[in-house]
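Engineer: Can you read through this structure? Questions will come right after.
What follows draws every value from the coordinates through simple rules; no lab data is involved. Small disclaimer: the values here were computed from a predicted structure and weren't measured. No Cβ is skipped: glycine too gets one built from the backbone with ideal geometry, and neighbour counts run over all protein chains shown.
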Amino acid sequence: MTTYITTPIYYVNAPPHLGHAYTTIVADTYSRFRRLCGETVRFQTGTDEHGDKIVKAAENENIPPREYADRISAMFRATWPLLDVEPDHFIRTTDAAHIAVVQSILQKVYDKGDIYFDEYSGLYCRGCERYLTEKELVDGNCPDHQTPPQEIAEKNYFFRMSRYQQQLIDHIRNNPQFITPERYRNEVLAFLSEPLEDLCISRPKARLTWGIELPFDATFVTYVWFDALINYLTGIGYPDGKDFEKFWSVAEHLIAKDILKPHAIYWPTMLMAMDMPLYRKLHVHGYWNIDDTKMSKSIGNVVRPKELVEAYGVDTLRYFTLREMSFGLDSSFSSEAIVARQNADLANDLGNLFSRATAMVWKYREGRVPEPAGNSEEDLVLQDAAQAMIGEYRAMMAEFRFHLALQAIWEFVGLANKYIVGNEPWTLAKDPAKAARLDTVLYNLLECLRLLALTLRPVMPGAAAKMTAGLGFAPDDPRIASLEEGGAWGRLTPGSGLNAFEALFPRLDAKKDEPQESDPIALPQTRQETVPTVAEDLIDFDFFKKLELRVAEIVAAAPIKKSKKLLKLTVNAPEERTIVAGIAEYYSPEELIGRQVVIVANLQPAKLMGVTSHGMVLAAKTIVDGKEKLVLSSVSESVEPGSRVA
Ligand code: ME8
């Protein structure tokens with residue numbers, strides 16, 4: 001199987017923003033997913049560089065359009081690696097090969113009699129670069145640009161789009177998957193229920209020179225859509241390149257609803273006029289708004305991908321956009337929403353599952369994958385849930401319903417976390433008779449992690465690579481890089497070793513971690529430059545990293561015989577352990593139950609009054625009424641026991 005996925009080619013009149021990032025992340029995720037399914041994929045994006053808009057933007061900067069286009073196109077190209085987006089081809093409409101193909105197609109359609117010369121007067125919107133109909137106007141303005149269109153009368157070349165109206169209606173009716181989601185298919189069919197007008201495809205050079213010259217009339221350039229849409233063919237080597245043969249029949253276009261008409265009506269009718277098969281699918285998504293307001297330069301709420309990556313990290317941005325937007329509908333971006341998803345879904349649910357499960361394999365089995373010893377009823381339920389998750393994931397990803405695919409994955413993460421709580425591996429570890437059961441539980445947990453690393457690979461390539469390495473796999477091991485070979489349960493080899501595991505997602509603070517618009521790199525710098533004021537001796541970061549600070553929940557507390565100062569605490573961090581703390585003079589055992597405190601988790605065990613303490617509870621030393629007092633550390637909101645403090 002092969003797949004060819006495209007994004008729109010973006011106008012080079014302004015740098016990329018969140019909307020462009022989203023479409024391109026979706027295309028990248030989809031191509032990675034198809035590759036995970038074993039398919040050959042071609043993923044194309046690029047820039048649309050001719051037309052009025054670009055001329056105007058270049059004039060504002062006082063530079064020639066070509067120079068301006070080079071500059072902004074380079075910004076788009078440089079943005080994609082920051083988002084872990086890896087297109088196979090980046091096309092520019094100023095590429096010589098593209099220009100030659102556009103001219104040959106224009107000639108072909110002209111020779112066929114589907115392009116004619118006529119006078120036209122109409123209402124032209126510079127923003128849309130097209131004539132609008134009276135019906136489309138809202139209060140006399142273009143609905144997208146809120147500006148009045150200009151009345152223009154001139155002679156131009158027209159494409160006989162109307163000739164193909166019925167053929168297009170039939171095609172859409174006979175191919176229910178041609179335009180999805182369905183709401184957009186219905187919108188197009190409704191539009192086609194009225195007579196279709198022919199399409200103006202030229203501009204006199206007197207008005208616009210920054211375009212591709214018509215091969216049959218050197219006094220005109222072609223109108224941007226006839227130029228732009230053809231990129232989908234030139235990028236794969238039309239008319240006789242090998243890739244063209246391989247990929248055109250499987251082309252899937254991805255766009256937002258703003259350019260539905262050009263893609264669902266102009267483009268298929270152009271292809272019909274060229275006697276070409278149509279593309280296979282058109283996937284249409286909604287708009288990203290910012291805090292419920294449309295993103296716009298004049299409002300000043302445009303969000304730049306680079307700033308988002310610097311504030312939140314690329315995996316979080318990819319996950320958030322795919323999880324938050326129901327494909328096809330509008331969605332709202334806010335710092336609060338992305339921080340909430342990072343903390344709840346990524347740091348808590350997924351990050352904790354990985355760190356808890358792998359920490360236990362290190363602690364109880366020296367970092368080796370144990371041999372499972374027969375499944376209980378509960379294990380079989382978990383394994384069935386894993387298979388159901390994979391099935392749902394496959395179906396939803398293939399249909400561009402990414403939020404549902406991710407929902408299915410996170411339900412499974414929840415089950416795996418419950419499996420830990422239900423099986424209490426830390427209790428099993430205390431009883432040598434239960435060693436085989438502990439082996440099975442740990443094996444099953446590692447299998448859950450493997451399937452998560454596999455399914456998350458297209459969505460969060462960076463985090464998935466860390467998971468893959470932590471589980472001891474080479475990056476391209478088919479058990480973690482192929483749905484066919486890795487999708488089944490039980491592919492981990494007992495006896496193989498894990499690697500040291502990097503924490504996946506830090507918790508974020510909504511206020512501090514907002515993107516900094518003026519100086520996007522200010523955030524990490526200020527953090528690094530903060531100098532501790534009370535330290536007597538400075539330590540380096542590697543030294544600090546050795547300290548394992550964790551949040552522990554106190555589940556039991558009791559006095560220690562013959563000691564006035566000490567209490568014996570049982571804490572969950574997340575496995576249970578005993579810690580002796582010198583806080584008996586300040587806290588009664590009862591008031592401690594349920595509290596979350598910060599502990600040093602990797603302190604060597606020490607015996608205090610006959611009780612072995614595995615760690616130390618942190619507390620502030622203070623003076624109250626001239627007497628020393630200890631005040632326990634805490635976290636400002638409840639977190640998963642065992643969470644790392646850093
Ligand atoms: O239309 N939310 O280029 P363009 C979601 N050159 N996606 C958004 C968005 C938003 N708020 N804003 C932009 C053009 N997009 C033509 C296309 S194709 C042959 C020629 C994304 O720079 C979305 O993919 O205006 C939308 O369709 C595209 O950017 C428009 O990009």
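Engineer: In the range 550-578, which residues have a backbone nitrogen under 12 Å from the label point lying 7 Å from T612's Cα in the Cα-to-Cβ direction?
Structural biologist: Zone members listed by number: 578.
Engineer: Once amide H atoms are built 1.01 Å from N in the peptide plane, which residues 5 or more positions from V12, or in another chain, come under 5 Å H to H?
Structural biologist: Here the answer is D48, since their amide H atoms fall under 5 Å of that of V12.
Engineer: What does the helix-only formula give at 222 nm for the chain: each DSSP H stretch with n ≥ 4 adding -39500 (n - 2.57), the total divided by the residues, and the result rounded to the nearest 500 deg cm²/dmol?
Structural biologist: It comes out at -11500 deg cm²/dmol, rounded to the nearest 500.
Engineer: Under the rule that a partner needs its Cβ under 4.7 Å from the first Cβ, which Cys of the chain have none?
Structural biologist: C37, C200, C448 - these cysteines have no disulfide-compatible partner (Cβ-Cβ under 4.7 Å) in the chain.
Engineer: Could I ask something else about it? Assuming a ≥ b ≥ c are the square roots of the Cα gyration tensor eigenvalues, decide whether the range 334-544 counts as rounded (a/c under 1.5), prolate (otherwise, with a/b larger than b/c) or oblate. Display every interim value, and only then the final one.
Structural biologist: Working: a/c = 2.09, a/b = 1.36, b/c = 1.54.
Note, shape of the range 334-544 comes out oblate.
Engineer: Can I ask one more? Would you mind computing, in nm to one decimal, how far apart the modelled labels at T133 and E590 are, each placed 7 Å from Cα along Cα→Cβ?
Structural biologist: Inter-label distance under the simple model: 7.8 nm.
Engineer: Going by how many other beta carbons lie within 10 Å of each one, how would you line up D477, D439, fewest first? The partial results should precede the final answer.
Structural biologist: Details: D477 16, D439 20.
In order of increasing Cβ crowding within 10 Å: D477, D439.
Engineer: Go through 77-88, 187-198 and give me the packing order, highest mean Cβ count within 10 Å leading.
Structural biologist: Packing proxy ranking, top to bottom: 77-88, 187-198.
Engineer: Please compute the length gained on full extension between K56 and K155, using 0.36 nm multiplied by the number of residues separating them and subtracting their Cα-Cα distance.
Structural biologist: Gain in length upon complete extension: 33.4 nm.
Engineer: Sticking with this structure for a sec: Do you know the relative contact order of the range 549-632, to the nearest whole percent, from alpha carbon pairs under 8 angstrom that are 6+ apart? Show your work: numbers first, answer last.
Structural biologist: On the way: 180 pairs, mean separation 23.3, N = 84.
Relative CO of the range 549-632 lands at 28 percent.
Engineer: Rank the residues K261, K466 as a footprinting-exposure proxy: fewest other Cβ atoms within 10 Å of their Cβ go first.
Structural biologist: K261, K466
Engineer: Another question about this same structure. Quick check on the chain: take the gyration tensor over C-alpha atoms, sort the square-rooted eigenvalues as a ≥ b ≥ c, and tell me if it's rounded (a/c under 1.5), prolate or oblate.
Structural biologist: Prolate, since a/c reaches 1.5 and a/b exceeds b/c.
Engineer: Considering only the chain, what is the antiparallel percent among its DSSP beta bridges, to the nearest 5?
Structural biologist: 70 percent
Engineer: Also: Just rank E637, E49, E576, fewest to most, by other beta-carbon atoms within 10 angstrom.
Structural biologist: Ascending Cβ contact count within 10 Å gives the list E637, E576, E49.
Engineer: Between N301 and K418, 0.36 nm times their residue separation minus their Cα-Cα distance comes to what?
Structural biologist: Length gained, N301 through K418: 38.0 nm.
Engineer: While we're looking at this one, here's another question. Just need the relative contact order of the range 346-447 here, percent rounded to a whole number, with Cα pairs under 8 Å and 6+ apart.
Structural biologist: 43 percent
Engineer: Turning to a different aspect of this structure: If packing is taken as the average count of other Cβ atoms within 10 Å, what order do 377-387, 102-112, 4-14 fall into, highest mean first?
Structural biologist: Working: 377-387: 15.3, 102-112: 17.8, 4-14: 23.5.
Going by the mean number of other Cβ atoms within 10 Å, highest first, we get 4-14, 102-112, 377-387.
Engineer: Sticking with this structure for a sec: Using a basic spin-label model with each label point 7 Å from the Cα along Cα→Cβ, how many nm lie between K205 and K434?
Structural biologist: Label at K205, label at K434, 8.5 nm between them.
Engineer: Once a ≥ b ≥ c are taken as the square roots of the eigenvalues of the Cα gyration tensor of the range 2-306, is the result rounded (a/c under 1.5), prolate (a/b larger than b/c) or oblate (a/b not larger than b/c)? Walk me through the numbers before you get to the answer.
Structural biologist: Numbers: a/c = 1.25, a/b = 1.09, b/c = 1.15.
Rounded shape, in that the Cα axes give a/c under 1.5.
Engineer: R0 = 41 Å: FRET efficiency of T427 with S332, Cβ-based, nearest 0.05?
Structural biologist: Computed FRET efficiency for T427 and S332: 0.35.
Engineer: Counting only C-alpha contacts under 8 Å and six or more residues apart, can you give the relative contact order of the range 361-418 as a whole percent?
Structural biologist: It comes to 26 percent, rounded to a whole number.
Engineer: Related question: What FRET efficiency do you get for K294 and I63 if R0 is 25 Å and r is their Cβ-Cβ distance, rounded to the nearest 0.05? Spell out each step's value before the answer.
Structural biologist: On the way: r = 29 Å, r/R0 = 1.16.
Working from the Cβ atoms, E equals 0.30.
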